[in-house]
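Single-structure report; data block below.
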Amino acid sequence: MTVTRFAPSPTGYIHVGNLRTALMNFLIARKAGGTFILRLDDTDRERSKQEYVDGIKEDLEWLGLTWDRVERQSDRLDRYAEAADQLRQAGRMYEVFETPTELDLKRKKQLNMGKPPVYDRAGLHLSDAEKDKLRAERPGYWRFLLELERIEWTDGILGDISIDAASVSDPVLIKADGQVLYTFASSVDDSDMGVTNIVRGADHVTNTATQIQIIKALGGTPPAFAHHSLLTGPQGEALSKRLGTLSIRDLRARGVQPMALLSLMARLGSSKPVELAGSIEELVEGFDISSFGAAPTKFDAEDLFPLTRACVQAMPFAQVRERIAALGVPDDLAETFWRVASQNVTVLDDLADWWTLFRDGAEPMIDPEDAEFVAEALKLLPEPPYSHETWGEWTAKVKAASGRKGKGLFMPLRKALTGQAHGPDMADVMPLLQTVRARG
């Protein structure tokens with residue numbers, strides 16, 4: 001059975017980069033009728049917070065990305081200790097003691113000698129007495145002993161990958177304070193939980209190479225990996241510094257609709273065109289991991305708003321009934337208001353401005369050359385309430401009285417009543433218009 005996972009660290013809220021990873025793994029699982037695991041990588045005790053756990057779940061639920069079960073790494077510390085003992089007994093994990101300063105000096109020396117800055121495995125050659133002496137000065141930490149061979153796999157997006165393990169430092173698995181690091185905990189979890197497919201960012205390729213060896217050392221079978229391209233800004237600039245402002249909750253606060261966001265992220269960077277999907281099931285059906293490319297992918301949050309506009313305009317009245325009632329729109333006008341306003345908004349929050357305009361009247365926009373014409377025309381406008389026929393009847397009277405026609409007739413009157421040069425058909429506006437401020 002296909003098993004995928006989304007494994008965020010609850011040290012912050014998820015952003016569009018995280019969502020891309022979550023969505024791809026979700027779609028793979030759902031398309032195969034498999035299992036999608038939400039796994040909280042919360043071994044960082046100081047930075048992991050329950051508010052972020054709650055926020056991650058809330059964001060995924062808002063998007064409709066349902067999970068089959070939740071796992072927390074903080075509940076599996078005993079299992080990691082057991083796996084660590086297994087690797088120690090197999091001679092695949094060894095204790096080291098270098099400080100960050102010492103490691104930095106080693107790296108600089110290697111670079112000066114034209115060598116790759118790879119850990120020299122000095123910890124492997126320490127005697128028991130030397131280790132005891134070092135432990136008295138500082139706590140040790142633990143590295144995984146890589147087998148110096150080529151690590152190869154066929155990536156679902158990048159194609160055939162081959163990495164020489166000799167060019168990679170033995171990864172640190174357990175810190176001096178006992179914290180189990182991502183590389184180790186994830187390898188244990190992926191093996192134990194039977195994860196069959198992993199999609200993640202291209203910045204994890206080297207991690208994947210080492211994790212393949214760790215999983216094999218634990219007796220597991222490495223999953224199929226695919227590494228999606230990293231997102232950039234619209235001009236190709238690094239997006240990493242802006243991701244904090246592109247959190248899912250911030251986009252939601254700006255009025256972005258879930259299906260708009262999912263539709264964009266499910267196709268961005270692929271050979272398929274971005275199209276607004278009608279449902280998650282439609283996204284599942286159309287998803288193909290092999291359609292994605294390796295090139296950096298440009299992301300512009302503004303692309304979400306045309307899709308959101310299309311989402312909003314397609315909503316049935318029943319879906320927004322309560323929201324419109326909360327604006328104070330009378331029940332007898334609510335459905336008409338939605339029909340008229342929905343085609344002239346981008347996000348649902350824009351509805352409030354339209355109801356304010358209809359309820360209180362608009363600040364009139366009157367060009368100086370039209371001032372006298374508008375003043376005379378308004379004398380022919382009856383008091384509200386108005387009907388659908390009011391606009392046609394009124395403009396016919398104004399046309400007869402002034403001789404104006406076409407744009408010269410209609411535009412000044414629209415701008416006087418709505419304060420805008422564009423908007424809904426005025427015949428539709430009039431039954432909703434409660435006040436005309438242009439009367440003075």
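The values are calculated or read from the model by the stated rules, or taken from the named source; none is laboratory data. Note that the structure is a prediction, hence the values are computed from the model and not measured. Cβ sites come from the backbone with ideal geometry, for glycine too, and all protein chains shown count toward neighbours.
Say whether the condition of being closer than 19 Å to Gly156 by Cα and in contact (Cβ under 8 Å) with a residue 60 or more places away in the chain is met by at least one residue in the stretch 42-61. No - not one qualifying residue is present in the stretch 42-61. Checking each residue in the stretch 344-360 for being in a helix (DSSP H, G or I) and either of a type in the set (D, E, K, R) or over 15 Å from Thr418 (Cβ atoms) (or both) picks out Leu348, Asp349, Asp350, Leu351, Ala352, Asp353, Arg359, Asp360. Scanning the stretch 190-220 for residues that are in contact with a Ser or Thr (Cβ under 8 Å, 6 or more places away or on another chain) and in a loop (DSSP other than H, G, I, E, B), we see that the one that is nearest to Gly91 (Cα to Cα) is Leu218.
In the set Pro424, Pro382, Pro364, which member is in contact (Cβ under 8 Å) with a residue 24 or more places away in the chain and over 30 Å from Cys311 (Cβ atoms)? Outline the logic, then answer.
Values: Pro424 fails: over 30 Å from Cys311 (Cβ atoms); Pro382 fails: in contact (Cβ under 8 Å) with a residue 24 or more places away in the chain.
On inspection, the qualifying residue turns out to be Pro364.
Conditions tested, residue by residue: (1) assigned to a helix (DSSP H, G or I); (2) assigned by TED's automatic domain parsing to the domain that holds Tyr386.
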residue: Ala295; (1), (2): no, no
residue: Leu304; (1), (2): yes, no
residue: Arg309; (1), (2): yes, no
residue: Ala325; (1), (2): yes, yes
residue: Phe337; (1), (2): yes, yes
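Considering only residues that are of a type in the set (Gly, Ala, Ser) and touching a Ser or Thr at 6+ places or on another chain (Cβ under 9 Å), look in the stretch 9-30 and name the one that is surrounded by the most Cβ atoms within 10 Å (Cβ to Cβ).
Ala29
Just to be sure before I move on: is Ala318 within 30 Å of the chain's Cα centre (by Cα), among the aliphatic types (A, V, I, L, M) and surrounded by fewer than 16 Cβ atoms within 10 Å (Cβ to Cβ) in the structure I sent? The answer is yes for Ala318.
Any chance you could count how many residues in the stretch 85-115 are part of a helix (DSSP H, G or I) and closer than 15 Å to Leu173 by Cβ? Qualifying residue count for the region: 5. Of all residues in the stretch 397-426, those that are assigned to a helix (DSSP H, G or I) and surrounded by 12 or more Cβ atoms within 10 Å (Cβ to Cβ) total 17.
Select, from Gly244, Gly233, the only residue that is in contact with a Lys or Arg (Cβ under 9 Å, 6 or more places away or on another chain), surrounded by fewer than 18 Cβ atoms within 10 Å (Cβ to Cβ), over 19 Å from Tyr141 (Cβ atoms) and at pLDDT below 95.
Details: Gly244 fails: in contact with a Lys or Arg (Cβ under 9 Å, 6 or more places away or on another chain).
Residue meeting the stated conditions: Gly233.
For the stretch 123-137, name all the residues that are outside any helix (DSSP H, G or I) and loosely packed, with under 12 Cβ neighbours inside 10 Å. Ser127 - this is the single residue of the stretch 123-137 that is outside any helix (DSSP H, G or I) and loosely packed, with under 12 Cβ neighbours inside 10 Å. Looking across Gly269, Gly278, Gly286, Gly328, one residue alone is surrounded by 18 or more Cβ atoms within 10 Å (Cβ to Cβ) and among the small types (Gly, Ala, Ser). It is Gly269. Ile212 passes every criterion in (1) farther than 30 Å from Asp349 by Cα; (2) surrounded by fewer than 18 Cβ atoms within 10 Å (Cβ to Cβ) apart from (2).
In the stretch 344-367 there is no residue matching the filter, namely being among the small types (Gly, Ala, Ser), touching a Gly at 6+ places or on another chain (Cβ under 9 Å) and surrounded by fewer than 18 Cβ atoms within 10 Å (Cβ to Cβ).
Condition first: closer than 9 Å to Val3 by Cα, over 25 Å from the mean Cα position of the chain (by Cα) and among the hydrophobic types (A, V, I, L, M, F, W, C). Now tell me which residues in the stretch 183-203 satisfy that. The answer is Met193, and nothing else. Among the residues making up the stretch 172-189, a single one is farther than 16 Å from Arg92 by Cα, in contact (Cβ under 8 Å) with a residue 40 or more places away in the chain and of a type in the set (Gly, Ala, Ser): Ser186.
Here's the yes/no breakdown for (1) part of a strand (DSSP E or B); (2) more than 25 Å from Glu46 (Cβ to Cβ); (3) of a type outside the set (Ser, Thr, Tyr); (4) at pLDDT below 95:
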| residue | (1), (2), (3), (4) |
| --- | --- |
| Arg143 | yes, no, yes, no |
| Glu147 | no, yes, yes, no |
| Trp153 | yes, yes, yes, no |
| Ile157 | no, yes, yes, no |
| Ser162 | yes, yes, no, no |
| Asp170 | no, yes, yes, no |
| Leu173 | yes, no, yes, no |
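Among the residues of the stretch 67-83, those that are free of Cβ contacts under 8 Å to residues at least 40 places away in the same chain and not in a helix (DSSP H, G or I) comprise Asp68, Arg69, Val70, Arg72. Residues of the stretch 31-57 that are more than 30 Å from Ala217 (Cα to Cα), of a type outside the set (A, V, I, L, M, F, W, C), within 19 Å of the chain's Cα centre (by Cα) and surrounded by 15 or more Cβ atoms within 10 Å (Cβ to Cβ): Tyr52, Gly55, Lys57. Of all residues in the stretch 95-106, those that are charged (D, E, K, R) have Cβ atoms under 8 Å from Cβ atoms of residues that are in a helix (DSSP H, G or I) and surrounded by 12 or more Cβ atoms within 10 Å (Cβ to Cβ), 6 or more apart or on another chain, in Glu95/Gly123; Glu95/Lys131; Glu98/Lys106; Glu98/Ala122; Glu98/Gly123.
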